[in-house]
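Q: I am attaching a structure below and will ask some questions about it afterwards.
What follows is calculated from the coordinates using simple rules that are stated; it is not laboratory data. On a predicted model such as this, the values are computed, not experimentally measured, just so you know. With ideal geometry, Cβ positions are generated from the backbone for all residues, glycine too; neighbour counts draw on all protein chains shown.
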Amino acid sequence: MTTASTVEDVLQEIGSLKEWVKSEVNAGNEPTRDEVQRMGAELEKLTSTVTDLRRERATRVSGAGRVLVPEGRLAGFDALDLAIYKQIATHRAASSMQFAGEAQKMMPEIDRASKALRDSITPEVIWDWSEKAISIRQAAAGYSMPNTAVRNFSEEVTGWRGMMMESVQKAMDSTTAGTGDELVPTFEAAQLWMDVNLSTVVLPVMRQVPMPTQPFDIPTQLGDTNWYPIAENVQALTTDLSTAKVTLTAQGLKTGVPFSDELNEDAIIALVPAIRATLSRNASEVIDDVLLNADQTATNGINSDGATIASNTAGKAHWLLGWDGLIHLPLVDNTSQATDNSGAVDADMYNEVLTKLGKYASPRATGDVLYFSDVNTAIRSLSITEFETVDTAGARNTLSTGEIMNIYGKPFIHTSQMRLADTDGKVTDAGNGTNTGRVLVFNTSQWAVGFRRNIEFEAQREAGQGQTTLYVSFRIALTERSGTRSSATHTALQYNITGV
């Protein structure tokens, strides 16, 4: 793992990887598959480090983007940490005599910390929190996210800020004791939402729609109108606009993090940040995973070809949540949108898959057009001649930056949630016969993500196993907006990219 301490150091290491690949190829020594896979794994670590360092840099400049307990034993906890700690304490207090006394001692500490946190929240603090959150998103995104991703995040932060301001105003205008207590739960929910959104790469680029009902209908684009010549004193001809809608149907996912009864009070306090980090990381990974890879087909699915999976198949069940993801459209629903590359990476393969989008790839099209690839394809693409040097790629050449920031003017993002596939574009369950890469390109305006229930957590005492489990769940929906996947042309896939 890299020990680099600055963004520049990490990018230099990425550049060194790319230079090694280039020198081997120029010398006629094609890197082995194992070498490429090892480099892919290292690139993923390095890229993650770049994101973390950018976020850390923004945090140092603008503050932590979190409203923290100012004093006491739980100083440094935010609303989400407190909520996790309180859930644990409540269930331990009710579990058995052995732990009841210890757990009950936690409750006054939590109440004091909650009151201190609540008392510290002012309109100025809320504004500061929102501005810091947006600056951290901007820094973490770097060049890999389109401007609309940051704008979407900013709009969500503004919504949370409005709810917080309303709660503060109620508290200031009221003489009733305890008014404004909902501020802490609001900050708790906002912080969990922000943790997950800062860690995802697919979700931020998608249009997110709140779902007041289940299911929830959203309108698609209106049909075209007909235009006619006009004549004086003659009634103009009109066109009845065709209308349509698509339906968001939310499906739930849940995970749990167990910990044993043997943990004492001090250990639990130390454990809370680790639990919180695990929950937010897992939630962000599974959200990106299902948006890309969800497939309702239990047998020979796009992620489990050659096998049948079930709703209790560990590590794979989440793909069956009830709707199909982005990759499913070109690979199964409209196969004319998928191209068998059957060759190594080159610039033309990116152009070829882009042409599949037709009008949706136009600079005047609404929404952003983005490329997504697996990590190995990204590292192999660093040595594409057209991306490499200043004379061909300008200041953002891969030789200088170690990053592919955009291709043909479209942002390029790679993610470990896009897996290496077999030569048919599907992931073989027992292991691919040949590992090949994939590149997905799509227009973000033609997809919508809905949340019927935002990310929530709950604790449950499991006396028989001597442990408490903290569960995280959410209900999420995805739909494409044409209403007919079999003819949709806003999403395309290049598969069977060899040499990765």
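Q: If Lys and Arg each add +1 and Asp and Glu each add -1, what is the summed charge of the other residues whose beta carbon sits under 15 Å from the beta carbon of L331?
A: Taking every Cβ under 15 Å from that of L331, the sum is -4.
Q: Can you tally the net charge around G301? Count Lys and Arg as +1, Asp and Glu as -1, for every other residue whose Cβ sits under 12 Å from the Cβ of G301.
A: In short, -2.
Q: Additional query: Would you kindly work out the equivalent ellipsoid of the range 280-384 from its C-alpha gyration tensor and give its semi-axes, the square roots of five times the eigenvalues, largest first in whole Å?
A: Here the semi-axes work out to 27, 16, 16 Å.
Q: How far apart, in nanometres, would the label points at A317 and R453 be if each is projected 7 angstrom from Cα along the Cα-to-Cβ direction?
A: Going from the A317 label point to the R453 one covers 1.6 nm.
Q: Among rounded, prolate and oblate, which fits the range 443-500 when a ≥ b ≥ c are the square roots of the eigenvalues of its C-alpha gyration tensor, a/c under 1.5 means rounded, and a/b larger than b/c means prolate?
A: Taking the square roots of the gyration eigenvalues as a ≥ b ≥ c, the range 443-500 is oblate.
Q: What net charge is computed for the residues neighbouring T444, neighbours being all others with C-beta under 12 Å from the C-beta of T444, Lys and Arg scored +1, Asp and Glu -1?
A: +2
Q: Turning to a different aspect of this structure: If the limit is 22 Å between Cα atoms, which of K254/K316; K86/K316; K356/K426; K132/K254; K86/K254; K132/K410 go over it?
A: From K254/K316; K86/K316; K356/K426; K132/K254; K86/K254; K132/K410, over 22 Å: K86/K316; K132/K254; K132/K410.
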